1. Restricting to the range 31-84, and then to whatever is modelled with pLDDT of 95 or more and among the acidic types (Asp, Glu), can you tell me which residue is surrounded by the fewest Cβ atoms within 10 Å (Cβ to Cβ)?
2. Only one of ILE53, ILE62 is in a loop (DSSP other than H, G, I, E, B) and closer than 18 Å to SER3 by Cβ. Can you tell me which?
3. Only residues that are in contact (Cβ under 8 Å) with a residue 12 or more places away in the chain and assigned to a helix (DSSP H, G or I): list them for the range 27-39, please.
4. Output the residue which, of all residues in the range 16-26 that are under 22 Å from VAL42 (Cβ atoms) and assigned to a helix (DSSP H, G or I), is farthest from the chain's Cα centre (by Cα).
5. Considering each of THR14, THR45 in turn, give the residue that is of a type in the set (Ser, Thr, Tyr) and touching a Pro at 6+ places or on another chain (Cβ under 8 Å).
Amino acid sequence: MLSVEYDWLNKNRTELFKYRGQYVAVIGTEIVSNHSDLRIVVSETKSKFPNVIPHISKVPDIHYKIPTKSSIRKEEKNRELSLT
């Protein structure tokens, strides 16, 4: 079973763009700390929420575009044309 935090992170990827390259600590559906240094995120989160275990993730520096069926078909068609 996925945690509430993990589910929230997956559903709110676009909101995470502003945190690219940083670690984020999530409790429930709220980002409670963010920084490029993991030690700072852990320290801040522990001091604010000593009895809670947060979900901590690093937001990638780059944005990955998930291909759609139509974009895959278009790419395959272009590949076929380049082979002829």
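The values are calculated or read from the model by the stated rules, or taken from the named source; none is laboratory data. Quantities reported herein were computed from a predicted structural model and do not represent experimental measurements. Note that each Cβ is placed from the backbone with ideal geometry, even for glycine, and that neighbours are counted across all protein chains shown.
1. ASP37
2. Details: ILE62 fails: closer than 18 Å to SER3 by Cβ.
None of the others qualify; the one that does is ILE53.
3. Taking the range 27-39 and keeping what is in contact (Cβ under 8 Å) with a residue 12 or more places away in the chain, we get 27-29, 31-38.
LEU38 - this is the single residue of the range 27-39 that is in contact (Cβ under 8 Å) with a residue 12 or more places away in the chain and assigned to a helix (DSSP H, G or I).
4. Of all residues in the range 16-26, those under 22 Å from VAL42 (Cβ atoms) come to 16, 18-26.
Pick out the ones that are also assigned to a helix (DSSP H, G or I) and you get 16, 18-19.
On the way: LEU16: 6, LYS18: 11, TYR19: 9 Å.
Only one residue fits best here, namely LYS18.
5. When all the criteria are applied, what remains is THR45.
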